[in-house]
Amino acid sequence: MVSFLILAAAAGAVVILLVVRLCVVLQPGHVVPRESVGLLIVAGSGGHTTEILRLVGSLSSAYSPRDYVIADSDTMSAKKIVSFEDARKKDSATECTPYRLHRIPRSREVRQAWLSSVFTTLYSTWFSFLLVCRIKPDLVLCNGPGTCVPICVSALLLGILGIKKVIIVYVESICRVETLSLSGKILFHLCDCFIVQWPALKEKYPKSVYLGRIV
């Protein structure tokens, strides 16, 4: 009985410590000016990749190096990213920073059973955490594909563990007019900046940032 109480107290202390660390990490921090920002971009299938590449195309060369993350079964996004970076290199008058493309296991396939998706999501999160630990980006930019959830959670864990504070910017897809996507609902309270593109969403979620249509 005593051993159980000791274990319960230790577990409770760990949970409290993690919650406190989470609150600290989510607090707005002092922004330090820097010459470049390591950018981790999460691309998804279909329109998600098209939208995120339009957004990346509007960013300056200071956002470098650029690391792209896609699901391991997403061949279409890989082709779009390569084409985008090739075009960017041709249009640039200066030498472009090399980019890197990474693949992670998909959290959940279409029509996959919810029970089995629990295990695939955990595996994807562990894989994502190792990847984010290796890259250590300054900023994570995503716009809603399921792939972004384990990446953002992993980036948040880096801050909780005291490894590095990673800024997470989530841009809700332009097709979301009145309701958030599932990824948006999960990450709304975990992002440093949550951007919506329709005023109806700003009214429902006052803490979000409305900048009009940006992609």
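The values are calculated or read from the model by the stated rules, or taken from the named source; none is laboratory data. Owing to the predicted nature of the structure, the values given are computational and were not obtained by experimental measurement. Every residue, glycine as well, gets a Cβ built from its backbone with ideal geometry; the counts of neighbours run over all protein chains shown. These accessible areas exclude ligands, DNA and RNA; they are computed on the full protein's heavy atoms, side chains included. Shrake-Rupley method; radii C 1.70, N 1.55, O 1.52, S 1.80 Å.
Structure notes:
- E178 - accessible surface, heavy atoms, 1.4 Å probe, Å² rounded to 10: 120 Å²
- Lysines whose Cα lies under 17 Å from that of K202, excluding same-chain neighbours fewer than 8 positions away: K185
- About its Cα centre, the dipole of the range 120-204 is roughly 200 debye, where the only charges are +1 on Lys and Arg Cβ and -1 on Asp and Glu Cβ.
- Highest-first arrangement of 136-149, 52-65, 183-196, where packing means the average Cβ count within 10 Å: 136-149, 183-196, 52-65
- Share, in percent, of DSSP beta bridges within the range 72-215 that are antiparallel, nearest 5: 0 percent
- Label separation (R100 vs R54): 3.0 nm, computed from points 7 Å beyond Cα along the C-beta direction.
- Rounded, prolate or oblate (a/c below 1.5 giving rounded, otherwise prolate when a/b exceeds b/c) for the range 83-215 by Cα gyration tensor: rounded
- Surface accessible to a 1.4 Å probe, V177 within the full protein complex, Å²: 60 Å²
- One chain, two ends: S117 and I214. Fully extended at 0.36 nm per residue, the span grows by 31.6 nm beyond their Cα-Cα distance.
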